[in-house]
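First comes the structure, then the notes that go with it.
We did not get these values from a lab; they are worked out from the coordinates using the rules stated. If you're wondering where the values come from, they're calculated on a predicted model, not measured in any experiment.
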């Protein structure tokens with residue numbers, strides 16, 4: 001029965017993805033990829049799906065599980081030495097962008113009068129991996145549901161703009177696939193948005209962006225642990241202020257829950273591709289399936305996105321998210337220029 005409940009949402013996502021791929025094939029010039037088209041179609045259709053929950057389970061499954069499975073399959077077409085090369089190149093860029101997010105986010109959040117939890121959720125979403133980082137950190141710091149909704153909206157809105165603007169800016173700057181992939185992988189927030197942005201530029205850039213994003217996602221582990229200790233310290237101070245013994249205070253986090261296990265699958269497939277003589281047609285076919293599944297996942301994310309709920313988020317979190325995201329875009333580009341990548 002549980003599997004049957006997934007069918008409506010999964011089928012709808014596949015249908016939207018197929019429509020997006022067909023529309024992309026009709027375009028005379030490759031300005032927007034099928035992943036972006038699928039997301040926008042999904043967002044348009046969302047307003048007609050608000051009165052039924054029949055698609056909910058399937059859409060959630062497609063946007064989360066199928067996207068991760070698609071990334072695992074992508075590993076078969078990517079050599080492990082290439083992944084390590086990209087990770088090494090992007091590490092310096094990621095250090096600077098994370099410092100920008102949490103350092104700049106602290107001062108911007110205070111200037112806008114946001115509470116520290118909301119400010120850091122937005123910074124984490126921008127600096128690490130969008131909604132996944134927000135979802136992992138929120139229970140660790142006991143964030144309110146409203147803070148989570150605000151943070152999700154702030155990072156998502158900027159991602160929507162970057163999916164369209166990044167490829168245009170990359171072509172205007174004459175960036176190579178590698179340079180653009182590193183830029184998109186370190187400056188765009190959510191995994192799905194990175195995938196959409198990268199492949200909207202080129203297939204090579206999409207591969208690089210995905211690999212960089214997977215490397216960047218690992219930053220969620222030390223970040224969540226750090227915030228867990230910060231929250232624990234705050235609780236201890238509150239307990240002392242209330243003259244209690246502070247016993248039983250423990251931040252609610254688990255390494256097994258926050259670790260992005262799909263990355264291990266991605267690496268395992270890449271290792272197989274590096275040591276086994278896999279036929280070219282198998283690699284090509286697997287990559288084609290992977291790309292289509294990614295489009296399906298992005299269509300599900302669009303179908304889950306409501307314009308009306310995003311309007312209720314208010315303006316200050318949006319301003320915070322915009323400033324931090326813009327700073328990350330600039331810092332990532334400047335670091336690449338300094339490293340001679342661009």
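Quick notes on this structure:
- With Cα atoms, 0 to 90° folded angle of helix 280-303 axis to the chain main axis: 50
- Taking 0.36 nm per residue of separation and subtracting the Cα-Cα distance, full extension of the segment from residue 278 to residue 176 would add 33.9 nm.
- Full-extension gain in nm, residue 15 to residue 161, via 0.36 nm per residue minus C-alpha separation: 50.1 nm
- Cα gyration tensor shape of region 1-155, rounded if a/c is under 1.5, else prolate or oblate by comparing a/b with b/c: oblate
- For the chain, the longest principal axis of the C-alpha atoms and the axis of helix 80-99 are separated by about 40°.
- Residue of 191, 62, 223 that the Gaussian network model of the chain assigns the largest fluctuation, springs spanning Cα pairs under 10 Å: 223
- Within the chain, helix-based [θ] at 222 nm, where runs of 4 or more DSSP H residues each add -39,500 (n - 2.57), nearest 500: -24000 deg cm²/dmol
- Cα long-axis angle, helix 177-187 against the chain (0 to 90 degrees, to the nearest 10): 20
- log10 of Debye I(q)/I(0), alpha-carbon scatterers only, for region 121-189 at 0.12, 0.14 Å⁻¹: -0.37, -0.47
- Length added when fully stretched, residue 106-residue 65, from 0.36 nm per residue minus Cα-Cα: 11.5 nm
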